[in-house]
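The values are calculated or read from the model by the stated rules, or taken from the named source; none is laboratory data. This structure is a prediction, so every number in the text was calculated from the model and none was measured. Ideal geometry is used to build each Cβ from the backbone, glycine not excepted, and the neighbour counts take in all protein chains shown. Side chains included, ligands, DNA and RNA excluded: accessible areas come from the protein's heavy atoms. Shrake-Rupley method; radii C 1.70, N 1.55, O 1.52, S 1.80 Å.
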Amino acid sequence: MAAISSGRPYTQSYDNGMIIRRFDEEVDSSELVWHRDEHTREVTVVEGTGWQLQLDNKKPEPLERGRLYKIPKMEYHRLIKGTGKLVVKIWEETND
C-alpha cells in the first residue's frame, strides 16, 4: 500500500477500494482550497482534531472521528485546518 503524492496537500493510498488520505499537520491552510469532485463521496474521519468541513453556502462543521460525511458530486467544499494531522477514508460513488 504505497502512498501517492501528486503536488497536492495530502498523500493517499488505497485499501480494499477505499482511498486513505492523509493531511500532514504541516500543511499550509492556503493549500486547502475550495474545489469540486466529479463523484459523490462518503468520508469517514480516522484521525484528526479541530479540522472542519465546509460545503458551499453552509457553515463549517467539525470533523468528528467515526462520523460519516457525504459530499455530493460537483458541490464546492473545502477543509479548514485543525491541529495535528488528518486521516480520512473516502468511498467514491463512481456510478452517480
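A few remarks follow.
- Residue within the stretch 11-31 that is modelled with pLDDT of 95 or more, farther than 11 Å from V87 by Cα and within 11 Å of the chain's Cα centre (by Cα) present: no
- The set of residues in the stretch 30-52 being touching a strand residue (DSSP E or B) at 6+ places or on another chain (Cβ under 6 Å) and open to solvent by less than 60 Å² (accessible area, probe 1.4 Å) consists of L32, H39, T40, R41, E42, V43, T44, V45, G48, G50, W51, Q52.
- The stretch 15-39 residues that are in a loop (DSSP other than H, G, I, E, B), paired with ones that are at pLDDT below 95 and among the small types (G, A, S) (beta carbon under 7 Å, 6 or more apart): E25/G84
- Qualifying residues in the stretch 62-96 (those that are touching a His at 6+ places or on another chain (Cβ under 9 Å) and crowded, with 16+ Cβ neighbours inside 10 Å) - the one modelled with the lowest pLDDT: E92
- Listed by first and then second residue, the pairs linking a residue in the stretch 73-94 that is farther than 19 Å from T11 by Cα and of a type in the set (K, R) to a residue that is open to solvent by less than 60 Å² (accessible area, probe 1.4 Å) and at pLDDT 95 or above, with Cβ atoms under 7 Å apart and 6 or more places separating them unless they lie on different chains, are K73/D37; K73/H39; K73/T40.
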